[in-house]
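What follows is a single structure, written as structure tokens, with notes after it.
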Amino acid sequence: FADCSSLSSICIPTSVKGLGKECFKYCRSLSVVTFESHSQLERIEESAFASCFSLGSIGIPVGVEGLGKECFLYCGSLSVVTFASGSQLARIEESAFAHCSSLNSIYIPASVEELGEKCFLSCHSLDHITFESGSQLKRVGTKAFYESRVKVSSIPENLRAICNPGFQSQETLATFLGVRFTHGCARRMNPH
């Protein structure tokens, strides 16, 4: 479906287990993506929805374990991302939501262990992140929230490394977390 400029909506059937690399890339008019109930989707691959400029919201099915590199890159209208209750998502890869300029908040499921490099880079409206209770997040990659307005308010206790500069201000982050910076990453001084 890549570069189908007139495609405006699509419903992904229950039986689909993966959305392949660049499958909807440059579908400029695509504004509605839905998944049939009981979706068996496990993976959204690299650049699957990249440059879908009209996509305003997306609901990620419960069984999706990974969001591939640049999967929603340059989705400038994307303002709402939801994850199904009981989400199995383990990793949000590099630049997955980079340049999603309308995204202003995100709820990270407890199952997520790593936020890849630049995953929310240049999300200029992003100012609020909520980590689900019991978060398993261990690492935030380099420039993960760079050029966003995110304020640090609550950090998951399992978090061990925030690579520089995951957030705009190292000093504020270091003081808040009780961390030290080594080799470009903030590391907790007293890990649990």
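Identify the residue in region 64-83 that is of a type in the set (A, V, I, L, M) and either at pLDDT below 95 or buried (at least 18 other Cβ atoms within 10 Å of the Cβ) (or both) and, among all such residues, is farthest from SER122 (Cα to Cα).
First pass over region 64-83, keeping only residues of a type in the set (A, V, I, L, M): 64, 67, 73, 78, 80-81.
Going one step further and asking which of them are either at pLDDT below 95 or buried (at least 18 other Cβ atoms within 10 Å of the Cβ) (or both), we end up with 64, 67, 73, 78, 81.
Details: VAL64: 25, LEU67: 18, LEU73: 10, LEU78: 13, VAL81: 16 Å.
Top of the filtered list is VAL64.
Any chance region 176-183 includes a residue that's basic (Lys, Arg), modelled with pLDDT of 75 or more and touching a strand residue (DSSP E or B) at 6+ places or on another chain (Cβ under 9 Å)?
The answer is no; no qualifying residue exists.
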Could you check region 118-149 and list, in sequence order, the residues that are within 14 Å of the chain's Cα centre (by Cα) and closer than 12 Å to PHE97 by Cβ? LYS118, CYS119, PHE120, LEU121, SER122, CYS123, LEU126, ILE129, ALA144, PHE145, SER148
Determine which single condition VAL64 fails, assuming it passes every other condition in (1) within 16 Å of LYS143 (Cα to Cα); (2) over 10 Å from the mean Cα position of the chain (by Cα). (1)
Consider only pairs whose beta carbons are under 6 Å apart and that are at least six residues apart or on different chains; among these, list those whose first residue lies in region 140-162 and is within 18 Å of TYR107 (Cβ to Cβ) and whose second residue is modelled with pLDDT of 85 or more and hydroxyl-bearing (Ser, Thr, Tyr). PRO156/SER135
Test each condition in (1) more than 22 Å from CYS52 (Cα to Cα); (2) at pLDDT 95 or above for THR130 and report the one that comes out false. (2)
For residues that are touching a Phe, Trp or Tyr at 6+ places or on another chain (Cβ under 9 Å) and surrounded by fewer than 17 Cβ atoms within 10 Å (Cβ to Cβ), scanning just region 32-61, find the one that is nearest to SER122 (Cα to Cα). PHE53
State which residue pairs qualify: first residue in contact (Cβ under 8 Å) with a residue 60 or more places away in the chain and inside region 12-29, second residue surrounded by 19 or more Cβ atoms within 10 Å (Cβ to Cβ) and in a loop (DSSP other than H, G, I, E, B) in any location, beta carbons under 9 Å apart, and separation of 6 or more residues or different chains. none
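So, restricting to strands (runs of 3 or more DSSP E) that lie completely within region 15-124, which ones have at least 1 residues that are touching a strand residue (DSSP E or B) at 6+ places or on another chain (Cβ under 9 Å) and either basic (Lys, Arg) or within 22 Å of ILE155 (Cβ to Cβ) (or both)?
The qualifying strands (runs of 3 or more DSSP E) are 80-83, 105-108.
The values are calculated or read from the model by the stated rules, or taken from the named source; none is laboratory data. Predicted, not measured: the structure shown is a model, and the values here were computed from it. A quick note on method: Cβ atoms are made from the backbone with ideal geometry, for glycine too, and the neighbour counts reach across all protein chains shown.
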